[in-house]
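*Asks:* After the structure tokens below, expect a handful of questions from me.
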Amino acid sequence: MARRNRNRLVVPNASAGMEQFKGEVMRRQGYEVNMNRPDDVKYEVARSLGIPLEAQGGNGQLSTEQAGKIGGQIGGSMVKEMIRMAQQKLAEQQK
């Protein structure tokens, strides 16, 4: 059964910017990222974790834990960077 994507951005049309941000963050984490296709970094992350993620579907064998490790690595890195950026901005405003 196909899963619906429930991730919705608050700002309409922000998808492209978020994809670019993902690519930049993951590049800084040491992953190889094609900035024309930043979403493909998930395959690089999966490879580094030893998880067999296929580009052409056929990922039904993945456990929820494996999928979560891939997404968590990417999303967690993005959240950490957003927090760092917010802290930096607050520190600059207090000067």
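*Asks:* Fewest Cβ neighbours within 10 Å first, please rank VAL11, VAL41, VAL79, VAL25 accordingly. Intermediate values should be presented prior to the final figure.
*Replies:* On the way: VAL11 8, VAL41 25, VAL79 12, VAL25 21.
In order of increasing Cβ crowding within 10 Å: VAL11, VAL79, VAL25, VAL41.
*Asks:* I would also like to ask the following. Counting only pairs 8 or more residues apart or on different chains, how many lysine pairs in segment 15-93 have their Cα atoms under 17 Å apart? Can you show the working numbers first?
*Replies:* Details: LYS22/LYS42; LYS22/LYS69; LYS22/LYS80; LYS42/LYS69; LYS69/LYS80; LYS80/LYS89.
Counting lysine pairs in segment 15-93 gives 6.
*Asks:* Any idea what diffusion coefficient the chain gets from Stokes-Einstein, in µm²/s, Kirkwood Rh on alpha carbon pairs, 4 °C, 1.567 mPa s?
*Replies:* Roughly 87 µm²/s, to the nearest whole number.
*Asks:* Under 8 Å for C-alpha pairs, at least 6 residues apart: give me the relative contact order for the chain, rounded to a whole percent. Present the calculation step by step, with values, prior to reporting the outcome.
*Replies:* Details: 53 pairs, mean separation 19.9, N = 95.
That works out to 21 percent.
Quick note: the coordinates plus some simple rules give every number you see, no bench work behind them. All values reported here derive from a predicted model rather than from experimental measurement. Quick reminder, even Gly has a Cβ in these numbers, built from the backbone with ideal geometry, and neighbours come from all protein chains shown.
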